[in-house]
Amino acid sequence: VVSLASALLLRSAHQLNEVHPGFDARDVTVLRTLLPYARYDDEATVAFHARLVEQVRALPSVTAAGLTFQVPLTTPWMAQEVFRAEGGARASSLPVNVADEGYFAAMGIPRIAGRDFRGMNGAANDELILSRQAALALFDDAVGTAAIGRHVRLAAGGPPYTVVGVVGDVRDQHLATAPSAIVYRPHAVPRDAILEPGARHTMALVVK
């Protein structure tokens, strides 16, 4: 019985090792920041992280660097928000992550269509990037190209957003779990402080 259990365990481990997570973590280092709330408001928080990632990208051994709120396979859950596609009748509750314009390149997450976020400049930002599964959930777009330029709103009458990019799906929770449909917000000052989340005081710096 022990031998059979060991064989099954090794087989499962081998199968998980063959699963592609949707990103490439080779030569990647992650450093998490935590800024004190008493000293950093939304504008100061975004400005600090913009300076940090700019200085890291200038280092001679760095090929890419970016910021994200949650790193794949490190947290068991992700906050969700309810979005409604422009002209759509149904609302979808989808996991939301926060990232900057360098995160996808640093993590090796492929871009399927569109472009990356604009750089962090402390201003409010109405852009979203969707994973392929999120594009499918919101726009019935299995390929990922038809979602570019489309608009979504927070379901409760919140501000509109424009989809500027679609990226590959990532196994964010576990290698044995199917990829989630993820909406990526830019790390920016919220336009609506009541409906939108504030700037993240804790972020993960992802360096390749």
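Ignoring ligands, DNA and RNA, please state the percent of accessible area on the chain from carbon and sulfur, probe 1.4 Å. Before the final figure, lay out the partial values.
Details: 6090 of 10620 Å².
Result for the chain: 57 percent of the exposed heavy-atom area is carbon or sulfur.
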Identified option (computed log10 I(q)/I(0) by the Debye sum over Cα atoms at q = 0.09, 0.12 Å⁻¹; candidates (1) -0.42, -0.70; (2) -0.47, -0.80; (3) -0.37, -0.64): (3)
DSSP-defined beta bridges in the chain - what % are antiparallel, rounded to 5: 75 percent
Per residue accessible area in Å² of region 27-97, where ligands, DNA and RNA are left out and the probe is 1.4 Å: 60 Å²
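I'd like the trypsin sites (Lys or Arg not before Pro) in region 56-109 restricted to DSSP loop residues with at most 11 other Cβ atoms within 10 Å, sorted by number.
Numbers: sites: Arg57, Arg84, Arg90; in loops: Arg90.
Sparse-neighbourhood loop trypsin sites (Lys or Arg not before Pro): Arg90.
How big is the charge dipole of the chain about its Cα centre, in debye rounded to the nearest 20, if each Lys and Arg gets +1 on its Cβ and each Asp and Glu gets -1 on its Cβ? Walk me through the numbers on the way to the answer.
Details: 19 positive and 20 negative charges, 53 e Å.
Computed about the Cα centre, the dipole is about 260 debye.
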Region 180-192 - phi-based ³J(HN,Hα) in whole Hz, Karplus 6.51/-1.76/1.60, Gly and Pro as x: 7, 7, 10, 9, 9, 8, x, 7, 8, 6, x, 7, 10
Accessible area per residue in Å² at 1.4 Å probe, computed on region 155-208: 34 Å²
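The values are calculated or read from the model by the stated rules, or taken from the named source; none is laboratory data. For clarity, every value in this text was computed on a predicted model and none was experimentally measured. Counting neighbours? That spans all protein chains shown, and the Cβs are built from the backbone with ideal geometry, glycine included. SASA here: full protein model, heavy atoms, side chains in, ligands and nucleic acids out. Shrake-Rupley method; radii C 1.70, N 1.55, O 1.52, S 1.80 Å.
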